[in-house]
Each structure stands twice: as structure tokens, then as C-alpha cells.
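The values are calculated or read from the model by the stated rules, or taken from the named source; none is laboratory data. Predicted model only: the values in this text are computed from it and were never measured. With ideal geometry, Cβ positions are generated from the backbone for all residues, glycine too; neighbour counts draw on all protein chains shown.
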């Protein structure tokens, strides 16, 4: 369980844990300023970069500003394809559906392949070694290791 102390300006003064350890986070933004930050983002903007979908969002905004105004927003229908591209960038729903369809088609094709030339269990056990007696293969059985005749 945590107990927290707050400053008048909304910043955390201290955090106390069950063990009684007191950690002072020091100066910094209040917890409300952390909303919306992702890992890799910086609070001061030095290393923050636009998200991967930011160009799509810019296209959506450009479409809305050119096709709508305060009195008439009937031009929103023109922006549906652009908005759809933005949502696809965010959630990858169409890409996931295509991937599932491709995987299903691949599995179906694999199941329909005729295996007339499939190796038998004996061939698999021999790992492709020629099926012949040791004399024909010009091999002698080892005296140190047991030798088993393969059927």
C-alpha cells in the first residue's frame, strides 16, 4: 500500500511504501503532466518524435479543414478514405485480416498436398542410409558398440 503527499502545486511531495521507505521524486512534472507520454517521449521535447501515424493524422486534418467549415460539415464523407488509412495505421486491422487469410490458405494448401512419395517409417528411422547389409556397404560391425540389424 502506498501513501502519498502532495504539494500545493499538484506535484508529488513524497511516496511512502509499506516498509516505511520514503522516496522523494524531486522536482518534476505532476502526475497529470505524465498523461499521454509514452516510453521514449521526453517531457521537454528534446528527444520526442512524432508517432508513426502522424503523417496520416496530418492528412485527416488537412482533409477536414478543406472540406468542412463551422456551418456545414457535410464534407466529412470525402475524408472517410483518409480516416480509414489513419485507423489502419493505428490498429492494423486490415493487415491482421490479410495475414489470417493468407495463413488459412497456406494451411489449406498444405493439407491438400498429395503425399504419394512420402517416406515410410522405416526410411525415416534410417535417415536415408542405404538399405543394404554391412558387407555390401563395405562396413564392419564395431566390436565396442552393439550393432542392431535394421529391417
Check whether at least one residue in the range 83-90 is loosely packed, with under 11 Cβ neighbours inside 10 Å and in a helix (DSSP H, G or I), and report yes or no. no
Of 106, 86, 64, which residue is out of contact with any strand residue (DSSP E or B) (no Cβ under 9 Å at 6 or more places or on another chain), over 30 Å from residue 51 (Cα atoms) and at pLDDT 85 or above? 106
